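S.K.: Please find one structure pasted underneath; my questions will follow.
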Amino acid sequence: MGALVIGLVGGLVCLWGVNGLKRMLRVDDSLDVFGVHGVGGIVGALLTGVFAAPELGGQGVWDYVANKASSEPYSIAHQLWVQLEAVGVTIIWSAVVAYVAFKLVDMAIGLRVTEEQEREGLDLTSHGERAYHS
């Protein structure tokens, strides 16, 4: 049941991420990657901490060494904090790696085309063909 709730909430939040958040932040995300995967992943990770609670039908924290559920009582607040820390580490790691990758690409070949190439159209200037015949 928790998976259904996570999916429903995640879907609605992704819809907001694509239509609302993107406009609010004025971000050029033509494929809506962050609105779907970023926002949906964050919501899914956080809600997993909530719905893993045994009182909500989850199995709690699994002890992989003993191969059974942990004997300590499950705390939704504590697990939500752990999930939030993991989301934060993932965001920081992704930002650092993306920054390094962008800098390397920028030094090697550049991140942007010239304004003239953009005006003429990237189909012709980058690929040597036109997408539409005019």
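The values are calculated or read from the model by the stated rules, or taken from the named source; none is laboratory data. In this text, all values refer to a predicted model and were calculated from it rather than measured experimentally. Keep in mind that these areas ignore ligands, DNA and RNA; they rest on the heavy atoms of the full protein, side chains included. Shrake-Rupley method; radii C 1.70, N 1.55, O 1.52, S 1.80 Å.
S.K.: Could you state the number of Å between the C-alpha centres of the range 1-40 and the range 46-98?
M.R.: Comparing the Cα centres of the range 46-98 and the range 1-40, I get a distance of 21 Å.
S.K.: Probe radius 1.4 Å, ligands and nucleic acids ignored: give me the carbon and sulfur share of the accessible area of the range 1-124 as a rounded percent.
M.R.: Details: 6240 of 9380 Å².
For the range 1-124, the apolar C and S fraction of the accessible surface comes to 67 percent.
S.K.: Note down, for the chain, the three equivalent ellipsoid semi-axes (square root of 5 times each alpha carbon gyration tensor eigenvalue), biggest first, whole angstrom.
M.R.: Rounded to whole Å, the semi-axes are 43, 19, 12.
S.K.: In the chain, which helices (entire DSSP H runs) extend 27 Å or more along their own long axis, judged by Cα positions, while averaging at least 0.5 on the Kyte-Doolittle scale?
M.R.: Flagged H segments are 76-108.
S.K.: Evaluate the Kirkwood expression for the hydrodynamic radius of the range 76-134, namely the inverse of the mean inverse distance over all pairs of different C-alpha atoms, and round to one decimal in Å.
M.R.: The Cα-based Kirkwood calculation yields 15.1 Å.
S.K.: Calculate how large, on average over all directions, the projected area of the Cα convex hull of the range 39-92 is; give the answer in nm² to one decimal.
M.R.: That works out to 4.2 nm².
S.K.: Additional query: Taking amide H atoms as placed 1.01 Å from N in the peptide plane, list the residues 5 or more away in sequence, or in a different chain, whose amide H sits under 5 Å from that of Ala69.
M.R.: Those lying under 5 Å, H to H, from Ala69 are Asp63.
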